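> The structure follows.
Please treat every number below as a calculation from the coordinates, not as lab data. Just so we're clear, the structure is a prediction, and the values are computed from it rather than from any experiment. Neighbour counts run over all protein chains shown; Cβ positions are idealised from the backbone, glycine included.
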Amino acid sequence: MSVVPTGITVAVDPPIGIVVPASGSGETGLAVSWPGKNPPQTCMCGRCRQTSHRSRLAFFVIDVDDLDAGVTFWAAALDAKEEPLSKASSKVYRRPRLPASEVRILLQRTDDPKSHKKRMHLDLESDDVEAEVRRLEALAATRYDHQRERGYDFWVLRDPWSNEFCVLPTNFPRPPRPAPALAGLTGPGPARCR
């Protein structure tokens, strides 16, 4: 387990590793469990504390039993466009691309019935929650729970496959600024700034 300072972007190739908040270590940042013995090297210049690897969220996977219906629903719900996949992959997956985002929804075909609440879900925000809920209902979503707790008023909905997702009032009125690019990172060993 290694502690990576807050503000550093980390990537693993192959893309595995677990990032969790560091606690009890006395250090600030994220505790990162790497699949091998050696964590990525940190720049030794003492100014930037960059690492030679980075990671990012690529997919949020949603289980569905009908890929065509899944694409129809989620593409309309999120204003997404389906990206092509190989013929073999498209039998199991579909990939709607969200506008102005590097994160993609990955629909995964499964015949497993849903048996309990999922531990992860999507939160959609809207400047008119009720209008957005009605729009999503027209796409076959169903209202599940109206939450009015902790100073929030929002709806928990279910997609046609009973996956929960929320519609919240706008929390982030402007899109976040992209993170600055990491420059000057080179091959194995400690990275050096230019």
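> Using only the alpha-carbon atoms, what does region 57-112 span along each of its principal axes? Please give whole angstrom values in decreasing order.
31, 21, 18
> Follow-up. Please arrange Phe60, Phe154 by how many other C-beta atoms lie within 10 Å of their C-beta, fewest to most.
The fewest-first ordering by Cβ neighbours comes to Phe60, Phe154.
> Return the distance in nm (one decimal) between the two label points of a simple spin-label model at Leu85 and Thr170, each offset 7 Å from Cα along Cα→Cβ.
That separation, rounded to one decimal, is 3.4 nm.
> Where a Cα-Cα gap under 16 Å defines reach, which aspartates and glutamates qualify for Lys117, not counting those fewer than 8 residues away within the same chain?
In chain and number order, the partners are Asp63, Asp145, Asp159, Glu164.
> For Val129, Val92, what's the fewest-to-most ordering of other Cβ within 10 Å of each Cβ?
Val92, Val129
> What's the ranking of 61-72, 135-146 by average number of surrounding C-beta atoms within 10 Å, highest first?
Numbers: 61-72: 16.3, 135-146: 14.2.
Top to bottom by mean Cβ count within 10 Å: 61-72, 135-146.
> Classify region 117-173 as rounded, prolate or oblate from the Cα gyration tensor: take a ≥ b ≥ c as the square roots of its eigenvalues, call it rounded if a/c is under 1.5, otherwise prolate when a/b beats b/c and oblate if not.
oblate
> Hey, another quick one. Skipping prolines and chain starts, which residues have an amide H placed within reach, meaning under 5 Å, of the one on Arg104, given they are 5 or more residues away or on another chain?
Phe59, Phe60
> Which ordering of Trp155, Trp161 is given by a fewest-first count of other beta-carbon atoms within 10 Å?
With the sparsest Cβ surroundings first, the list reads Trp161, Trp155.
> Have a look at the DSSP beta bridges in region 117-173 and tell me what percent are antiparallel, nearest 5.
Given both bridge residues lie in region 117-173, the antiparallel proportion sits at roughly 65 percent.
> Using 0.36 nm per residue of separation minus the Cα-Cα distance, give me the extension gain between Leu106 and Asp145 in nm, one decimal.
11.5 nm
> Once phi is turned into θ = phi - 60°, what whole-Hz ³J(HN,Hα) does the Karplus curve with 6.51, -1.76 and 1.60 give for every residue of region 74-86, x standing for Gly and Pro?
Values, residue by residue: 6, 5, 6, 5, 10, 6, 9, 10, 6, 8, x, 10, 4 Hz.
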